[in-house]
Amino acid sequence: MGAEVIVPVTMFVCATALVFGLRYMSNKEKMAMIERGLEPGLSRPRASAPKPFLSLKFGLLLVGLGLGLLIALFTVRAMGINEDESVAVYFGCLSIFGGFGLILSYAVEKSWLDKQKDLL
């Protein structure tokens, strides 16, 4: 058997083992909670915390990724970087500007939360 057969089979077996392993550990955790007299949270769904800045975070991340892609394109074209080395420029710019977008999102969220604390 060649690698083209072994790799997909191995990935399928590993993914299946991961799913069953996670399910088994979750079940053991719930059983331990029941033994201690705690409610494992099966009967009532948890109310998730509101995420008012989720769209801001994704928007700034996508804007950062777009800017990174454009700057990488202009950099590769202006410097005449060959195709093999240009991949590093693209990934680097995407990571840097995507990170800047997330940092900007954090700054906006923190500023808003600080203003809310001052009002109280």
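Read-outs: derived from the displayed coordinates by stated rules, not from any lab. Computed from a predicted model, the values in this text were never measured in an experiment. Every residue, glycine as well, gets a Cβ built from its backbone with ideal geometry; the counts of neighbours run over all protein chains shown.
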Check your understanding: Given [x] -0.21, -0.38, -0.61, -0.71; [y] -0.62, -0.90, -0.95, -0.94; [z] -0.28, -0.47, -0.69, -0.76, which label gives log10 I(q)/I(0) by the Debye sum over Cα atoms at q = 0.09, 0.12, 0.15, 0.16 Å⁻¹ as computed from the coordinates?
Key -> [y]
Practice item. May I ask you to list the lysines whose Cα is less than 24 Å away from that of LYS115, ignoring any residue fewer than eight positions away on the same chain? Key: LYS51, LYS57
Practice item. Would you mind getting me the FRET efficiency between MET25 and ILE96? Use the beta-carbon distance for r and R0 = 30 Å, nearest 0.05. Key: 0.20
Point to revise | Label-point separation, ARG77 to LEU120 (7 Å along Cα→Cβ), nm | key: 5.0 nm
